[in-house]
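Reading through the structure tokens given below for one structure.
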Amino acid sequence: MTTPLAGWLKEQMAEQRLGRNELSRESGISEASITRIIRYGHIPKPDLIRRLAAFFRADPDTVMELAGLVSLSDLPPDVPPDVRDLTRRLYRLDPDDREEVLRHFDGLLRLVEGRPRRPQ
């Protein structure tokens with residue numbers, strides 16, 4: 001199964017003339033992880049995607065999007081830049097960390113939404 005991430009990874013490996021074993025040795029990413037991405041279309045955790053992006057000197061946001069973990073193009077065009085940035089940063093987190101941040105964020109929203117508005 002070829003996914004966009006697997007295709008990108010194969011392309012990067014071919015450009016640098018790296019096999020799975022060499023990539024594993026040089027990047028510190030297990031050969032099993034590399035094989036799961038390429039052969040089975042596995043989508044790894046964000047941390048591993050960031051490590052791959054860093055190794056190949058690629059934009060981590062682009063590689064995350066290839067993995068299907070973030071697609072800012074799905075957001076409406078009128079979404080302010082700070083909200084886009086927050087969305088991008090949330091997607092970079094591991095699922096457990098993201099869940100914790102969202103729990104706190106939800107509490108803050110309820111606090112702000114429940115208080116009276118200040119006159120402007």
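A few notes on this one:
- Between segment 13-62 and segment 89-120, the C-alpha centres lie 33 angstrom from each other.
- Rounded to 10°, Cα long-axis angle of helix 81-92 versus longest principal axis of the chain: 50 degrees
- Folded to 0 to 90 degrees: helix 4-15 orientation relative to the chain principal axis, Cα: 40 degrees
- The angle between the Cα long axis of helix 31-40 and the longest principal axis of the Cα atoms of the chain comes to about 80 degrees, rounded to the nearest 10.
- Residues Met64, Met13, ranked from the fewest to the most other C-beta atoms within 10 Å, line up as Met13, Met64.
- Packing-based order for 101-109, 22-30, 37-45, using average beta carbon neighbours within 10 Å, highest first: 37-45, 22-30, 101-109
- FRET efficiency, 1/(1 + (r/R0)^6) with R0 25 Å, evaluated for Leu93 and Arg25 via beta carbons: 0.30
- In order through segment 44-57: 3J(HN,Hα) via Karplus (6.51 cos²θ - 1.76 cosθ + 1.60), integer Hz, x for Gly, Pro: x, 5, x, 4, 5, 5, 4, 5, 4, 4, 5, 4, 8, 6
- Its relative contact order, with pairs defined as Cα atoms under 8 Å and 6+ residues apart, puts the chain at 22 percent.
- Magnitude of the charge dipole, the chain, Cβ model with Lys/Arg +1 and Asp/Glu -1, debye to 20: 120 debye
- Once the Cβ-Cβ distance of Glu100 and Tyr40 is raised to the sixth power relative to R0 = 25 Å, the FRET efficiency obtained is 0.25.
- Helix-only [θ]222 nm of the chain, DSSP H runs n ≥ 4, -39500 (n - 2.57) each, per residue, nearest 500: -20000 deg cm²/dmol
- For segment 13-80, with +1 on Lys and Arg beta carbons and -1 on Asp and Glu, the positive-most of Leu66, Phe56, Gly28 along the dipole: Gly28
- Normalising the Debye intensity of the chain to I(0), with uniform scatterers on Cα atoms only, and taking log10 at q = 0.11, 0.16, 0.19, 0.22 Å⁻¹ returns -0.48, -0.82, -1.04, -1.25.
Values in this text are rule-based calculations from the coordinates and carry no lab data. Everything numeric in this text was worked out from a predicted model, so none of it was measured. Virtual Cβ from ideal backbone geometry, glycine too; neighbours counted across all protein chains shown.
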